[in-house]
1. Looking only at residues that are out of contact with any His (no Cβ under 7 Å at 6 or more places or on another chain) and among the small types (Gly, Ala, Ser) in region 31-67, which one is nearest to Arg93 (Cα to Cα)?
2. Can Val78 be described as closer than 14 Å to Arg22 by Cα, in contact with a helix residue (DSSP H, G or I) (Cβ under 8 Å, 6 or more places away or on another chain) and of a type outside the set (Lys, Arg)?
3. Limited to region 34-55, what total is found for residues that are surrounded by 12 or more Cβ atoms within 10 Å (Cβ to Cβ) and in contact with a helix residue (DSSP H, G or I) (Cβ under 9 Å, 6 or more places away or on another chain)?
4. Out of all the residues in region 56-68, which are on the phi < 0 side of the Ramachandran plot and touching a helix residue (DSSP H, G or I) at 6+ places or on another chain (Cβ under 6 Å)?
5. Taking region 13-25 as the search range and keeping residues that are touching a strand residue (DSSP E or B) at 6+ places or on another chain (Cβ under 6 Å) and either crowded, with 16+ Cβ neighbours inside 10 Å or under 15 Å from Ala99 (Cα atoms) (or both), which one is modelled with the lowest pLDDT?
6. From the list Ser40, Ser55, which residue is small (Gly, Ala, Ser) and in contact (Cβ under 8 Å) with a residue 40 or more places away in the chain?
Amino acid sequence: MNRRTLTFSPVFDAESIALFVRGHYRMLGRNPRRAWENLSPANRPPIEEFEQFWSQYGQLKATVVNVAAEGGGWLVDVRVKHREGDVVEENYRVGVELANGAPLIVSSTKI
């Protein structure tokens with residue numbers, strides 16, 4: 001009997017990248033250490049600083065406004081709501097690229 005091994009590669013399209021970014025922001029308030037792993041190594045601040053900064057916000061809500069293919073990756077515009085006393089809403093443009101078959105955040109700029 002001839003056996004074949006099938007391998008599946010995940011497909012990353014605008015919808016899956018939007019889910020990745022939205023999930024990243026939701027994770028920031030609950031588990032910043034895990035969210036830190038979504039950042040490319042070149043984009044990672046020291047973990048202690050990252051955890052201290054994001055733990056002040058608690059729950060975050062992210063709404064993806066736009067996803068655009070850019071070069072070999074994506075630019076994702078996201079609206080983030082958090083509560084630090086009053087409800088605060090901020091907009092970010094997040095760069096996402098694939099590394100070893102997984103999406104990573106390579107940039108994040110407040111817009």
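1. Ala62
2. So Val78 passes the test.
3. Within region 34-55, residues that are surrounded by 12 or more Cβ atoms within 10 Å (Cβ to Cβ) and in contact with a helix residue (DSSP H, G or I) (Cβ under 9 Å, 6 or more places away or on another chain) number 11.
4. Tyr57, Gln59, Leu60, Ala62, Val64, Val67
5. Among residues in region 13-25 that are touching a strand residue (DSSP E or B) at 6+ places or on another chain (Cβ under 6 Å) and either crowded, with 16+ Cβ neighbours inside 10 Å or under 15 Å from Ala99 (Cα atoms) (or both), the one modelled with the lowest pLDDT is Tyr25.
6. Matching residue, one of Ser40, Ser55: Ser40.
Here's the yes/no breakdown for (1) of a type outside the set (S, T, N, Q); (2) crowded, with 18+ Cβ neighbours inside 10 Å; (3) touching a Lys or Arg at 6+ places or on another chain (Cβ under 8 Å); (4) in a strand (DSSP E or B):
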residue	(1), (2), (3), (4)
Lys61	yes, no, yes, yes
Val64	yes, yes, yes, yes
Leu75	yes, no, yes, yes
Val78	yes, yes, yes, yes
Asn91	no, no, yes, yes
Val94	yes, yes, no, yes
Leu98	yes, no, no, yes
Thr109	no, no, yes, yes
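The values are calculated or read from the model by the stated rules, or taken from the named source; none is laboratory data. Only a predicted model underlies this, so the values are computations on that prediction, with no experimental measurement involved. Quick reminder, even Gly has a Cβ in these numbers, built from the backbone with ideal geometry, and neighbours come from all protein chains shown.
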